[in-house]
Amino acid sequence: MSLSSQSFAYVADLVRREAAIVLEPGKEYLVEARLQPLARAHGPAGIDAYVAFLQSPGGYGARAEVVEALTTNETSWFRDREPFDVLVSHVIPDLLARTATRRKITVWSAACSSGQEAYTIAMLMAEHVVPRGWQVEILATDIAPGMVARTREGRYSQLEIGRGLPAPLMVKHFQRVGTQWQVSDQLRSMVRAQVLNLAAPLPLMPVFDLVFLRNVLIYFDQPTKRSVLGRVRKAMSPEGYLFLGGAETTLGIDESWHRTPVGRLTLNRPGPPATAATGAAPAAPAAPPPRTFSGVSPATRQKAI
Amino acid sequence: MSAFAQESPVTPEDLQLLGGDVLAAFLLDHDRPGDPDHGRSGVLHASVSVRGAWNGWITLEVSRAAAHDLTRRMLHDDDVDDDDVRDAVGELVNVLGGNVKSLLVDGCVLGLPEVTDHQHPDQPSVEICRTELWWADHPVTVRVWSAEGRDLHSLRSPA
Amino acid sequence: MHALVIDDSRTMRMMLARQLEHLGFEVLQAGDGQQALEVLASNRDDLPVLATVDWNMPVMNGLDFVKAVRADNGLRDVTLMMVTTEAEQGQIVRALAAGAHEYLIKPFSAEAFVDKLDYLGVKPGRGAA
Ligand SMILES: C[S@@+](CC[C@H](N)C(=O)[O-])C[C@H]1O[C@@H](n2cnc3c(N)ncnc32)[C@H](O)[C@@H]1O
């Protein structure tokens, strides 16, 4: 049972229109593998018949399922490590200094998949920010409703929990429930999850101090990358920070960002770097501190306020 | 705990899920399994005990042919002997047993795995849960046995 | 750079050793905690940077091994990672309190194992040679 080129073209076009995800020719195997279970559940007539059904007026709901099935939701805790080391060593101290009067930090995990990124941030905030009396709000969004539901639920299998989450943090923030691990109420209360398409105009949102837009631009074409980066920039405080994935950059796409290297990482900021209003935010870019065992550098490493 | 109301703390769905995770983690679900060697006959019985606040066994039965094939894959080695196979099947039941134990009441101790050629003739305990995982068209039967409410000293492993 | 794999199952030792060798470690093996202490004693001047430790083993179990290593100041640079089927939260807390640095529950994916090593910073080629 294989996919005709017309069917592939229809699905590629649908997914591009709805989610801006680009499926180049050559990705037929991917489309086929992801559509197969949906086609089977629909009936015995095969994958091309299913694609024909999608195009009929009755195929509306099924089209949304197809878009969701073609998202790639690969993720892990502390993904790539370094962004989270820099978050703790440089970004959080700076944000604490800048938000000393309103004592609130707003964060957006903008393609959150099943929530590991949002809860990783929540763990670090619970360690370094919340105990100082700051309020932290994390908005986690994704185009896939199933992923948003999973983020809201905050339950992970043994195999999922093992990917990148240090054991000390696992037992601190999760409770074993049957064969799964449930995130604590403390972390869950920091995270709000909602469906959001990055390729469409953004709804009304808070102004974010911190945006994680990681491993999602890679699926878009250049013009979409540019327009997404433009919209995200407008949703941010000029003094905020944007984190991108390891293979993503603003360079050559949207030159209005200010780029600051920290170690091997580049921080993107909407406005020009200014010296902190108060306190001792790091003045010059420096290499991130060495990794520490608990996954969290001691809070005393850098005096923020 | 009542002697006859053998409410299972573990469901067949739990066993399916755990079993699937075990096979996936040992990369046993990746590409198509090789044809198990049909020259081998008989069944291997592996078991591990749980003692303490809950008492019983987790057992696994698999044909020798399938067990050989499983072992070759786990060791990435085509040349495996009978000891290798027993050790590999023992480790499978150990991993399953530990995870099943974690679904039971807290405060139990897992024994060391045993692998034998025969099921013990006595009926030492009550089967409370069972599932079948499939490996290369061979069933791998996983069962949980409860010895709750029985005289533990008169019991022997069901494997 | 050495790593020590401690497990009473030969299959599990081979599987872990294979992954560690792939990462560039020279792998030592032990079938129980007592044997593992002996391996450490005879490698005093070139200690393994990492030991993966099973929990349920004959002779000396993994928890007692961890306690013994932590009680010996000369072994403080050995990073200890439990790799075990013991999956209750209370057990994980116990092992960490006894001095294990990491805890990986069987079954685990190859990626999870590498993630944890990466996180512990014990990849060969990094740190002490
Ligand atoms: C590979 S995951 C990245 C998850 C996480 N940010 C990380 O780095 O681990 C990519 C996510 O982007 C989402 N996505 C794809 N297209 C999107 C769009 N147009 N709007 C919002 N989310 C989208 C997918 O549903 C998927 O969950």
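What the Kirkwood sum gives for the stretch A:5-69 is a hydrodynamic radius of 11.7 Å, with every pair of different alpha carbons counted.
Can you compute the label reach from A:Ser5? Point 7 Å from Cα along the Cβ direction, backbone N cut-off under 14 Å, restricted to the stretch A:27-68. Label zone hits: A:27-28. Please identify which residues in the stretch A:64-82 have an amide N closer than 15 Å to a label point set 7 Å out from the Cα of C:Lys123, following the Cα→Cβ vector. Answer for the stretch A:64-82: A:79-82.
Considering all alpha-carbon pairs of chain A, what whole percent are spaced by more than 23 angstrom?
Value for chain A (Cα pairs over 23 Å): 59 percent.
Rounded to the nearest 10 degrees, the inclination of helix A:60-69 to the longest alpha-carbon principal axis of chain A is 50 degrees. Its residue count N sets the reference 2.2 N^0.38 Å, and the alpha-carbon radius of gyration of the stretch C:62-129 equals 1.16 times that reference. Of all aspartates and glutamates in the structure, the ones whose alpha carbon falls short of 19 Å from that of A:Lys225, not counting any fewer than 8 places away in one chain, are A:Asp13, A:Glu18, A:Glu24, A:Asp142, A:Glu248, A:Asp254, A:Glu255.
Computed over the stretch C:2-120, the P(r) curve from all C-alpha pair distances, binned at 10 Å from the origin, holds 14, 53, 31, 2 percent per bin. Taking each DSSP H run with n ≥ 4 as -39500 (n - 2.57) and averaging over every residue of chain C yields -12000 deg cm²/dmol at 222 nm. Of the solvent-accessible surface of chain A, computed with a 1.4 Å probe and all protein chains present, 55% belongs to carbon and sulfur.
Counting only lysines at least 8 places from C:Lys116 when in the same chain, those with an alpha carbon closer than 27 Å to its own are A:Lys172, B:Lys101, C:Lys67, C:Lys106.
Based on alpha carbons, the Rg and Dmax found for the protein assembly as shown are 26.5, 80 Å. For the stretch A:119-144, list residues with backbone N below 17 Å from a point placed 7 Å from the Cα of A:Arg102 toward its Cβ? So the set is A:130, A:133-139. Multiplying the residue separation of A:Arg152 and A:Glu74 by 0.36 nm and subtracting their alpha-carbon distance yields 26.4 nm.
The values are calculated or read from the model by the stated rules, or taken from the named source; none is laboratory data. Here the structure is a predicted model, which is why all the values come from computation and not from measurement. With ideal geometry, Cβ positions are generated from the backbone for all residues, glycine too; neighbour counts draw on all protein chains shown. Areas reflect the complete protein model, heavy atoms only, side chains present, ligands, DNA and RNA absent. Shrake-Rupley method; radii C 1.70, N 1.55, O 1.52, S 1.80 Å.
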